[in-house]
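Structure, as structure tokens:
The values are calculated or read from the model by the stated rules, or taken from the named source; none is laboratory data. The model shown is predicted, which means the values in this text are computed figures rather than measured ones. Glycine gets a Cβ as well: all are built from the backbone with ideal geometry, and neighbour counts include every protein chain shown.
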Amino acid sequence: MDYEQRIQSVLNYIETHVQEDIPCESLVALAGFSKSHFLRVFEAYTGFTVMSYVRSRKLHLAAERLSYSNDKIADIAYDYGFESHDVFGRAFKRMYGLTPENYRKRRFLLPTFHAVNLAQQQKGAVAMIKTKPHTMIVTKPAMKLIGIECRFEDGVSSPDLWKQYFDEWQQTFGNIAHLRVEPEKEIDYALTVDRDESGYTYFIGIEVTSVDHVPPGTTARLIPKTKYARFTAIGPVGESIGRTYDYIFKEWFPYSSFQTAAGPIMEHYDMRCATHLGIPSDMQEMDIYIPIELVLTQTKEIIELQPYRAAYYKAAGRKGRKWQQVKKEAFDVMITWALSQGIDQSDLRIRAHNNGGATEEKFNYEVYMDVTGIDVSITEDSLISLMDHEGGLFIVTPALHRMLEPTGKAFCEWFEQQEKYKMTGAWFEEFLIHGGKVTLDTLIRIHYGVKRL
């Protein structure tokens, strides 16, 4: 089940249990994520914190009852889980700007918070990001920061923290400028911390060498040494940052072997996005650091691959020839042959394996396709040959083409902790090709041969 399906199953559960108490832990278990990862993924897909969404759906349905029934307001409040008329009234007014009594008098007003349907959202979605952010797994040492912060929760008005930060910079932070780490780079950090199902705390500040003297009105934050996935957003910051977060949680995480770990998400702003230095908006860059941990049980499956007949091609490489050229040759030959055989190009599954690396004198890139039960012809001058594969037991993990290397490394870390299996040395990558072309967004299923101990 992919991320979208998991979150949609949570949304469906909320709809069928909206008149009940819905603890966040139940939704976490249903989604199959850690709590910290679930909270961030849910917000990425819906635009709402979990409890804000649940509360808004309850208020929406309560508003419908107010408009189209004569039920007592206290009964409606109780039916949707509000502990008293007063609690319901305050929540209702925050959402609709009217008390339940006044809302009922204006029956022509319609509720405004409809259930989220992710499939319908995707139909109207545009391409999320033109330039994929550069991604790297890094470990940052412990950090000390001083800044200002504010709690953000849906339904509660919050100040413009960035405006406050810049307005107070000289008066508040000027006195500790000498403590700033790498002052010549003018680095500002924005942190999302203390996230729970209702909201989070947003912190803006600078990294310092000491927090012994914290100016009045500011807060010190100590960040331990942490492993992060770092994403460099490219383009106008106001536009690229949102698209990059979408990419992180909707494209990168679903095909990685990581999930968000407990800890702050950090946004790193420096001279690369300084408008006062004349940096063109389309060349601006900023970094997003997501704390990560290895997922030990998700996205892995064990399959028994039966012996099969395969179409086969081997592209020969040599030192000095670009690795990608050899790889492209292999796929071009196999895809062209599949087209000549009338094999459906909309969903090709081509398996690949390399022998040796591009730095060696000679290396090969082999591709093959399961043609068991398919009537194919091989001519004398064909570049394709037929061969039999034995099959075997494999552990399979998915990856995006662009994420192949870090996913493979993460799998090896995961496998080292397993006690039931041992690697046999057999492996291959299965490319799920749509439209007859391999791209960086092509989904790959990495197969590692194993045997049970």
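When each of Thr218, Thr244, Thr201 is tested for being at pLDDT 90 or above, of a type in the set (Val, Ile, Thr) and under 18 Å from the mean Cα position of the chain (by Cα), the lone residue that passes is Thr244.
Among the residues of the range 408-421, those that are buried (at least 16 other Cβ atoms within 10 Å of the Cβ) and either modelled with pLDDT under 75 or in contact with an Asp or Glu (Cβ under 6 Å, 6 or more places away or on another chain) (or both) comprise Ala410, Trp414.
Within the range 272-310, the residues that satisfy the criterion of being modelled with pLDDT of 85 or more and in a loop (DSSP other than H, G, I, E, B) are Gln284, Gln306, Pro307.
Within the range 119-159, restricting attention to residues that are closer than 24 Å to Tyr200 by Cα and out of contact with any Lys or Arg (no Cβ under 9 Å at 6 or more places or on another chain), the residue that is modelled with the lowest pLDDT is Ser157.
Does Ala63 fit the bill of being closer than 21 Å to Asp21 by Cα, in contact with a Ser or Thr (Cβ under 9 Å, 6 or more places away or on another chain) and surrounded by fewer than 20 Cβ atoms within 10 Å (Cβ to Cβ)? Answer is no for this residue. Across the range 173-205, what is the number of residues that are of a type in the set (A, V, I, L, M), surrounded by fewer than 16 Cβ atoms within 10 Å (Cβ to Cβ) and in contact with a helix residue (DSSP H, G or I) (Cβ under 8 Å, 6 or more places away or on another chain)? Here the count works out to 1. Return yes when Ile279 is touching a residue at least 40 places away in the same chain (Cβ under 8 Å) and either outside the structural domain of Glu390 (by TED's automatic domain parsing) or touching a Leu at 6+ places or on another chain (Cβ under 6 Å) (or both) and no when it is not. No; evaluated as a whole, the condition is false for this residue.
Kindly establish whether Val211 is more than 30 Å from Cys24 (Cβ to Cβ) and at pLDDT below 90. Judged against the criteria, Val211 is not a match.
For (1) among the basic types (Lys, Arg); (2) in contact (Cβ under 8 Å) with a residue 24 or more places away in the chain; (3) surrounded by 14 or more Cβ atoms within 10 Å (Cβ to Cβ), each residue gets a yes or a no:
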site: Asp344; (1), (2), (3): no, no, no
site: Leu348; (1), (2), (3): no, yes, yes
site: His353; (1), (2), (3): no, yes, yes
site: Phe363; (1), (2), (3): no, yes, yes
site: Tyr368; (1), (2), (3): no, yes, yes
site: Thr372; (1), (2), (3): no, yes, no
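So, of the residues in the range 206-228 that are of a type in the set (S, T, N, Q) and surrounded by 14 or more Cβ atoms within 10 Å (Cβ to Cβ), which turns out to be farthest from Ala177 (Cα to Cα)? Ranking the candidates gives Thr226 first. Inside the range 88-112, can you point out the residues that are surrounded by 12 or more Cβ atoms within 10 Å (Cβ to Cβ) and within 36 Å of the chain's Cα centre (by Cα)? Passing the criteria: Phe88, Arg90, Ala91, Phe92, Lys93, Arg94, Met95, Tyr96, Pro111.
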